[in-house]
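Peer 1: Right, I'll just put the structure down here and ask away after.
The values are calculated or read from the model by the stated rules, or taken from the named source; none is laboratory data. Note that this is a predicted model, so its numbers are computed, not measured. Cβ sites come from the backbone with ideal geometry, for glycine too, and all protein chains shown count toward neighbours.
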Amino acid sequence: MSEHASHVPGLAHHFVNMEQQKEAGTIGMWIFLLTELMFFGGLFLAYAIFRATYPDGFLQGSHLLSVPLGGLNTIVLIVSSLTMALAVYYSQMGDRKKLVGFLSITLVLGLVFLVVKYFEYKEKFEHHLFPALGWYNPDPSHLAVQYQPQVRVFLWIYFAMTGLHALHMIIGAGILLTLIIMAQKGRFTREYNSPIEISGLYWHFVDIVWIFLFPLLYLTGFHVGGGH
Amino acid sequence: MAEHTEHHIVPIKVYIGVFLALMVFTALTVAVAKYDLEHIWGPLNIIVALTVAVIKATLVVLYFMHVRYSSKLTQVIVVAGIFWLIIMLAFTLADYAARSGWPTQLGQ
Amino acid sequence: MATETIATTAEKRVTYLNVSHTVKSWLLTLDHKRIGLLYLFSISFFFLIGGIYATLIRLELITPKGDLMTAETYNRVFTMHGVVMIFFFLIPSIPAVLGNFLLPIMLGAKDVAFPRLNLLSWYVFMVGAGLFMLTMINGGIDTGWTFYPPYSSIYSNSQVTLAGVAIFITGFSSILTGLNFMVTIHTMRAPGLTWFRLPLFVWAHYATSLIQILGTPVIAITVLALALERTFQIGIFDPKLGGDPVLFQHMFWFYSHPAVYIMILPSMGVISEIIANMSRKRVFGYHFVAFSSLAIAVFGFLVWGHHMFTSSQSMYAGLVFSIISYAVAIPSAIKTFNWTATIYKGSVSYDTPMIYALAFLGLFTVGGMTGLFLSALGLDVHLHDTYFVVAHFHYVMVGGAIIGYLGGLHYWWPKITGKLYPEVWGRISAAIIFLGFNLTFFPQFILGNLGMPRRYHAYVPEFQILHVLSSAGASILAIGFIMPIIYFAWSIKYGAPAPNNPWTAVGLEWQTTSPPPPENFTYTPVVNTEAYEFEHVEEIKQAGSGVNG
């Protein structure tokens, strides 16, 4: 068994066959996503508690965020999820050209997201809205003084959650780059494509986190007016 | 070991359909968020927003992440993850809600 | 005669130990057995460090006055003892050493599912450990291992941020181990090895992995938030800035209570193996013992609020947490009763591992029962933060987890090293540990009930007699812990070569050679029987010698 198993490209020596290796990889990634879920879950818990504690702070705070930019990033991520899904599809079809193409589009979209995020962060820093001691000093015309302490709590949650999310996007972009290089070298075939599928799971998970972040952070105060 | 169903390839049509649904729901959540539903019922805005988000996430999990076509084990893992997250959120929030007063507010 | 033939063949045979000898071949190894040994050395070092801190604590407490160290130093010493023992010894102890070594062999696999990830987990552990050593050199931390803010977030002058980062990183090593084990158990079982033929050691590790995977990320995000709070003063846990210190306690205990089961569940797995094989009986109520592991893992996540009865937690939440805490006692009791029933009318041999197993039964029962005192909402108000709590968790952590770890280490030592340790010394040291342990911690129950608070470096003179007893016990315990280190080291050089199955035990690990070859088996094992089928032991013995020849 093991003698001819070693001739299969991409099969590690300690697995009996490709099926077992693929199953292990998929389950492994799902379990990893479970840990990611709990990791973000701690911040979602903090969000829930503080939102209930400071409803006004969260309304005012969300006015500081740009719904058009947040919305743009939401669309960018959803499109990138589609292109990632298509990349997985074409890897299953064994179409190398389209695989590389869709992986590249996904990577570009991921980078677009990060660039938009960068400008959002930059704007916050310029307005002294980064919630750290010594940095946080919003202009009273921008944010009424009585809301400033509460909004600070909102802002650290905003920075923690989107920052952690952006970190995952950066890691995802690195993974995509690796996959593109490997795909170009023809490493993936119809039979061996689980790295693409597994990375796709990760990318979709990061998308799901954003699906929750967008309404919770950007849209919370949308109905009360304000914003810019 | 776990019996194996033939590997399922999701047709492109499904991906496009899910994508369009996600876009529609995104537009919906922005549109609804503009209206003040809070005068109908306090938490209605957030409930609508979260419901839409859950529907979108479910679509992604089921189709983009293939969970609908995956093994029982994968489905169990997904459900277990959500279950544990709910344990953490529910028990902690229940504690806060059951106190005689929510922790003091700041700057008020 | 038989032993001699084994000895001569052992010299020629390729084992995981002699397949290569370079330092590189150890540091870059993907073999789960070698990684297990890397962990063994690392955590033994930390056990020693933690032991030194414990010695300092017991020395200080011999006299009522704080004459050996200041309150500030004492705070650092007990904190470092707790953090080192919990995060750098107990949590990795059985899973990372014995689990890593045995799990793939028990499953009849060549390795864990992700060998690279397994090696990475050791390196991640070492990076975290290195940072923690840096913390230690820079004066350590003084917040208690629980890191409660706002003390830890603003007032403490010690290295909280660095320690937080160290624990954050170490957490990932634990996650990776859990992930690896879970996938390995799901996908790498040998042909015929169905779920209900698995050794209970494997079931216990499955439950442990579940906790590692679901709980550890939450402590990671919690200590990360704490480090951010300390660095940037952003108002997460600090009430002055609008944060909520009770939220920290919730998030901390959501992991740290289940973490207790990360420490005790693998030990229960070890005890199941030892008791079955030393009593020559199938574990009574195998299914119940297996499922009780899972039940403990699940219930363990529902009881964290019992650490917060005296914080500002709602009394209704306290009530619910209290009731569910009682429920955890059920699966623990199922295990204890079933082990006892296994021994009943068994053909018991009192070798060293069995002495540890029996010690576990008694000590864990005391530890568990006193846990019920503490989960009683009203009684906990009296006992909270006293030595009663200290005694309780040491009965579980030392009397349960460490005793199980030592028992397992003795039981599988011949398999791991291919050498026999001196049995007499083993029994003597096990007895010394049992006596020393009880002398150390039993007086602390009384101290706590009389009102001695934990974490104090000075106390009223009335308590001195009990503290002196405790310190005397600690010195006996220390001797008991040092003895195995000496005779284990001795046995590697001078010990008699171990046969493949020195206990005539059942289980796949006893079918391969001692020490095992690099890929565990020279053939693909097939399993036709349930675990602990002792009628087949003769066939297995013959199969084992067949492998040899």
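Peer 1: Run down A:58, A:15, A:39, A:32 and say which single residue is modelled with pLDDT of 90 or more and more than 7 Å from chain C (Cβ to nearest Cβ). So that I can check it myself, show each step before the final result.
Peer 2: Working: A:15 fails: modelled with pLDDT of 90 or more; A:39 fails: more than 7 Å from chain C (Cβ to nearest Cβ); A:32 fails: more than 7 Å from chain C (Cβ to nearest Cβ).
Going through A:58, A:15, A:39, A:32 in turn, the sole match is A:58.
Peer 1: Can you tell which of C:339, C:304 is surrounded by 17 or more Cβ atoms within 10 Å (Cβ to Cβ), touching a Leu at 6+ places or on another chain (Cβ under 9 Å) and among the aromatic types (Phe, Trp, Tyr)?
Peer 2: Values: C:304 fails: touching a Leu at 6+ places or on another chain (Cβ under 9 Å).
Of C:339, C:304, the one residue that is surrounded by 17 or more Cβ atoms within 10 Å (Cβ to Cβ), touching a Leu at 6+ places or on another chain (Cβ under 9 Å) and among the aromatic types (Phe, Trp, Tyr) is C:339.
Peer 1: Another question about this same structure. When both residues are 6+ apart or on different chains and their Cβ atoms are under 8 Å apart, which pairs have a first residue that lies in the stretch C:425-445 and is over 14 Å from residue C:488 (Cβ atoms) and of a type in the set (Lys, Arg), and a second that is modelled with pLDDT of 95 or more and assigned to a helix (DSSP H, G or I)?
Peer 2: C:427/C:352; C:427/C:355
Peer 1: Ok, one more. What about residue C:74, is it touching a residue at least 60 places away in the same chain (Cβ under 8 Å) and either buried (at least 21 other Cβ atoms within 10 Å of the Cβ) or under 28 Å from residue C:164 (Cβ atoms) (or both)?
Peer 2: Against the criterion (touching a residue at least 60 places away in the same chain (Cβ under 8 Å) and either buried (at least 21 other Cβ atoms within 10 Å of the Cβ) or under 28 Å from residue C:164 (Cβ atoms) (or both)), residue C:74 qualifies.
Peer 1: Also, quick follow-up: Keeping to the stretch C:343-357, report how many residues are surrounded by fewer than 22 Cβ atoms within 10 Å (Cβ to Cβ) and in a helix (DSSP H, G or I).
Peer 2: The qualifying residues number 1.
Peer 1: Which residues, taken from the stretch A:103-141, are more than 25 Å from residue A:171 (Cβ to Cβ) and loosely packed, with under 12 Cβ neighbours inside 10 Å?
Peer 2: First, pick out the residues of the stretch A:103-141 that are more than 25 Å from residue A:171 (Cβ to Cβ): A:126-129, A:133-141.
Within the stretch A:103-141, A:126, A:134, A:137, A:139, A:140, A:141 qualify.
Peer 1: For the stretch C:222-237, give me the residue count where each residue is buried (at least 24 other Cβ atoms within 10 Å of the Cβ) and not charged (D, E, K, R).
Peer 2: Residues flagged as buried (at least 24 other Cβ atoms within 10 Å of the Cβ) and not charged (D, E, K, R) within the stretch C:222-237 amount to 8.
Peer 1: Also: Filter the stretch C:187-215 down to residues that are in a helix (DSSP H, G or I), within 7 Å of another protein chain (Cβ to nearest Cβ) and either of a type in the set (S, T, N, Q) or surrounded by fewer than 21 Cβ atoms within 10 Å (Cβ to Cβ) (or both), then give me how many there are.
Peer 2: The number of residues fulfilling the criteria is 1.
Peer 1: In the stretch A:60-78, is there at least one residue being surrounded by fewer than 21 Cβ atoms within 10 Å (Cβ to Cβ), free of Cβ contacts under 8 Å to residues at least 12 places away in the same chain and over 24 Å from the mean Cα position of the chain (by Cα)?
Peer 2: Within the stretch A:60-78, none of the residues are surrounded by fewer than 21 Cβ atoms within 10 Å (Cβ to Cβ), free of Cβ contacts under 8 Å to residues at least 12 places away in the same chain and over 24 Å from the mean Cα position of the chain (by Cα).
Residue-wise test of (1) more than 14 Å from chain A (Cβ to nearest Cβ); (2) part of a helix (DSSP H, G or I); (3) in contact with a Ser or Thr (Cβ under 6 Å, 6 or more places away or on another chain).
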residue: C:240; (1), (2), (3): no, yes, no
residue: C:251; (1), (2), (3): no, yes, yes
residue: C:259; (1), (2), (3): no, yes, no
residue: C:264; (1), (2), (3): yes, yes, no
residue: C:273; (1), (2), (3): yes, yes, no
residue: C:311; (1), (2), (3): yes, no, no
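Peer 1: Still on this model: May I ask you to say which residue of A:52, A:46 is surrounded by fewer than 21 Cβ atoms within 10 Å (Cβ to Cβ) and within 7 Å of another protein chain (Cβ to nearest Cβ)?
Peer 2: A:52
Peer 1: Report, by residue number, each residue of the stretch B:35-49 that is at pLDDT 85 or above and facing chain A (nearest Cβ under 7 Å).
Peer 2: Passing the criteria: B:45, B:49.
Peer 1: Is it the case that residue C:477 is surrounded by fewer than 20 Cβ atoms within 10 Å (Cβ to Cβ), assigned to a helix (DSSP H, G or I) and out of contact with any Pro (no Cβ under 7 Å at 6 or more places or on another chain)?
Peer 2: Criteria not met by residue C:477.
Peer 1: Something else: Among the helices (runs of 4 or more DSSP H) confined wholly to the stretch A:1-119, which include 2 or more residues that are charged (D, E, K, R)? Give the steps one after another, and end with the answer.
Peer 2: On the way: elements: A:2-5, A:18-53, A:55-63, A:67-93.
Of the helices (runs of 4 or more DSSP H) lying wholly inside the stretch A:1-119, those with at least 2 residues that are charged (D, E, K, R) span A:18-53.
Peer 1: Taking the stretch C:241-280 only, how many residues are touching a residue at least 40 places away in the same chain (Cβ under 8 Å), closer than 16 Å to residue C:171 by Cβ and not aromatic (Phe, Trp, Tyr)?
Peer 2: Count: 7.
Peer 1: So, in the stretch C:216-227, of the ones that are of a type in the set (Val, Ile, Thr) and in contact (Cβ under 8 Å) with a residue 40 or more places away in the chain, which residue ends up farthest from the other protein chains (Cβ to nearest Cβ)?
Peer 2: C:223
Peer 1: (1) within 14 Å of chain C (Cβ to nearest Cβ); (2) surrounded by fewer than 19 Cβ atoms within 10 Å (Cβ to Cβ); (3) of a type in the set (S, T, N, Q): which one isn't true of residue A:184, the others all being true?
Peer 2: Among (1) within 14 Å of chain C (Cβ to nearest Cβ); (2) surrounded by fewer than 19 Cβ atoms within 10 Å (Cβ to Cβ); (3) of a type in the set (S, T, N, Q), the lone unmet condition for residue A:184 is (1).
Peer 1: Follow-up question, since we're still on this one. Consider only pairs whose beta carbons are under 8 Å apart and that are at least six residues apart or on different chains; among these, list those whose first residue lies in the stretch A:99-110 and is in contact (Cβ under 8 Å) with a residue 24 or more places away in the chain and whose second residue is not acidic (Asp, Glu) and not in a helix (DSSP H, G or I).
Peer 2: A:99/A:188
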